[in-house]
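The values are calculated or read from the model by the stated rules, or taken from the named source; none is laboratory data. What you see is a predicted model; the values in this text were computed from it and never measured. Positions of Cβ are backbone-derived with ideal geometry, glycine not excepted, and every protein chain shown enters the neighbour counts.
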Amino acid sequence: MYRLLTVLLTFLLCCPAAVLAGDNKVYVYRDHNGVLVFSDSPKPGSEELKLSNRANIMESTEPFQARQEVKTEPFSIEIEHPKHEGTVRENTGTVYVSGRIAPRFPRGFHVRLLLNGETTGQLQTNTTFVLRDLDRGEYQLQMQLLDQSGKLIAASDTITFYLHRASVITPG
């Protein structure tokens, strides 16, 4: 315990001296999550902070603008299962739908599944859906990505699949 306190006290006493000793510069920027980062090496978009001679007081040549670069990278959505124009053989009428969205979408976004143009179930934060009690026949699916306000960000191509349920009349 005594050793830890000694190391901590030495660190605290040496740090202000190292920062104020001449050539050292401090840069500030926002990372991809919008968090302020202080560094001793410049990064693209960073601003240099001017340090005063008084310990623990920073002065900037100009106020640091709270700016966050918004990535406008387009999302791609693909329904992986069931396959387009594939047949699902399931006597209970249950169909498992899975998709893929790239790049990974941020927190607060939701995924919606459309079956024959109608929303199925509730919005989700993942790309796996379970459809139950479907009758045999032809179905169209589309997966959509929505932002926090419910605005449509991206949508998959509409795929068609066929559900086969054996019956007494046509068992095969």
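Filter region 86-115 for residues that are loosely packed, with under 13 Cβ neighbours inside 10 Å and either more than 19 Å from the chain's Cα centre (by Cα) or more than 18 Å from Ser76 (Cα to Cα) (or both) and give the result.
Correct list: Gly86, Thr87, Arg89, Asn91, Thr92, Tyr96.
Return yes or no: is Leu114 of a type in the set (A, V, I, L, M), out of contact with any Leu (no Cβ under 6 Å at 6 or more places or on another chain), assigned to a strand (DSSP E or B) and at pLDDT 95 or above?
Here the answer is yes, as Leu114 does meet what is asked.
So, restricting to strands (runs of 3 or more DSSP E) that lie completely within region 1-106, which ones have at least 2 residues that are aromatic (Phe, Trp, Tyr) and modelled with pLDDT of 70 or more?
Qualifying strands (runs of 3 or more DSSP E): 26-30.
Applying the selection to region 142-157, what residues are closer than 23 Å to His84 by Cβ, in contact with a Gly (Cβ under 9 Å, 6 or more places away or on another chain) and either of a type outside the set (S, T, N, Q) or not in a strand (DSSP E or B) (or both)?
Met143, Ser156, listed by residue number.
Out of the residues in region 143-156 that are of a type outside the set (Gly, Ala, Ser) and touching a residue at least 40 places away in the same chain (Cβ under 8 Å), state the one that is surrounded by the most Cβ atoms within 10 Å (Cβ to Cβ).
Out of the qualifying residues, it is Met143.
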